[in-house]
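Derivation of every value follows stated rules applied to the coordinates shown; laboratory data play no part. In this text, all values refer to a predicted model and were calculated from it rather than measured experimentally. Here the Cβ positions follow ideal geometry from the backbone for every residue, glycine too, while neighbour counts run over all protein chains shown.
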Amino acid sequence: MIEATGLTKRYGARTAVDGMTFTVRPGTVTGFLGPNGAGKSTTMRMVVGLDRPTSGTVTVNGKHYARHRAPLGEVGALLDAKAVHSGRSARSHLLAQAATHGIGRRRVDEVVEMTGLAPVAGKRAGTFSLGMGQRLGIAAALLGDPQTLILDEPVNGLDPEGVLWVRHLLRGLAAEGRTVFLSSHLMTEMALTADHLIVVGRGRVIADAPVSEIVARAQTTAVQVRTPSAAQLAAVLTRDPGVVVASVAHDVLEVTGSTPPAVAAVAAAAGLVLHGLAPVETSLEDAYMQLTADAVEYRSAPSHAAAGGRR
């Protein structure tokens, strides 16, 4: 379990983490989401003692990380897959870490096999692709068979097989009663992997709830309609001032402020044919964008190509 209370980190005049309070519970995959600069990486670093809080506290399995006699057996962390001596082989890197905790060679062999590193275990880590580097980082996190895992962007650079493997691995570990704390910008993967979400923005917690609840809060009454009479239907629907119609394609409309039965009734009364009618499902990405709309610090400018080509 990870427990943060009033966790704050300042760098001079800048506040990176601003009074965060949350609990990451065992038996659950908890996703940690937020825009760039929201304080996610700083928070994870404070959990494992790499940064000291300006104020507040954070404990792992009931203790501050530095007070655990054998930290690798309590917490496995992947915060930077590149934090490896590039001249060492994957196996040598893991053996060196294992030696600090009296972990035997057999466990090193187990995590090498578990993470698919066996074919490259004797190669220098500096020659690894991004995906293989991620696998090595995950192997190191699993080395002490910890009760708590903290992983920052673990599927970055992995191929589809690797992404699926990580998903099953994390859900399996949570099913064993372990605590899994996962940060990622891949919303589709987070929706498939996480049970609970902590969403942060500008250093503060802005949502802390199950995935299903966060998505449900963002549900809108939108309907997608396919019809050969899109323009005529749009004109009829917008006679109601509470209805907004947007054109998605030449024969597809997205209607907000109405329901499928109501749209069907309006079309029937006007003698217009419908080829498709369905409610629009809200995705985790939609919910996340709504939650963080006012918390994005770094916004991209429209590209010249999108605005009409090069100058």
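Overview of results
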item: Eligible aspartates and glutamates near residue 9 by straight Cα distance, threshold 12 Å, same-chain separation 8 or greater; result: 18, 51
item: Distance histogram for region 117-170 (every C-alpha pair counted, 10 angstrom bins, percent rounded to whole numbers); result: 22, 56, 22, 0
item: Anchor residue 123: lysines whose Cα lies under 22 Å away (excluding residues fewer than 8 positions away in-chain); result: 82
item: Matching label, Cα extents along the principal axes in Å computed from the structure shown, candidates (1) 77, 46, 45; (2) 78, 49, 45; (3) 73, 56, 46; result: (2)
item: Label-point separation, residue 175 to residue 63 (7 Å along Cα→Cβ), nm; result: 3.1 nm
item: Note, ³J(HN,Hα) from phi for region 96-113, Karplus 6.51, -1.76, 1.60, rounded to Hz, x at Gly and Pro; result: 5, 5, 4, 4, 5, 10, x, 7, x, 4, 4, 5, 4, 4, 4, 6, 4, 5
item: Region 140-153 - phi-based ³J(HN,Hα) in whole Hz, Karplus 6.51/-1.76/1.60, Gly and Pro as x; result: 5, 5, 8, 3, x, 6, x, 7, 10, 10, 10, 10, 9, 6
item: Residues whose placed amide H lies under 5 Å from that of residue 201, excluding near-sequence neighbours; result: 206
item: Computed lengthening from residue 247 to residue 213, 0.36 nm per intervening residue step minus Cα-Cα distance; result: 9.3 nm
item: Extension gain from residue 159 to residue 272, taking 0.36 nm per residue of separation minus the Cα-Cα distance; result: 36.0 nm
item: Net lengthening on full extension, residue 85/residue 220 (0.36 nm per residue, minus Cα-Cα); result: 43.6 nm
item: The chain - charge dipole about Cα centre, Lys and Arg +1 at Cβ, Asp and Glu -1, debye rounded to 20; result: 1260 debye
item: Cut-off under 5 Å, modelled amide H: who pairs with residue 17 long-range; result: 9
item: Anisotropy class of region 222-281 from Cα gyration tensor, a/c 1.5 cut; result: rounded
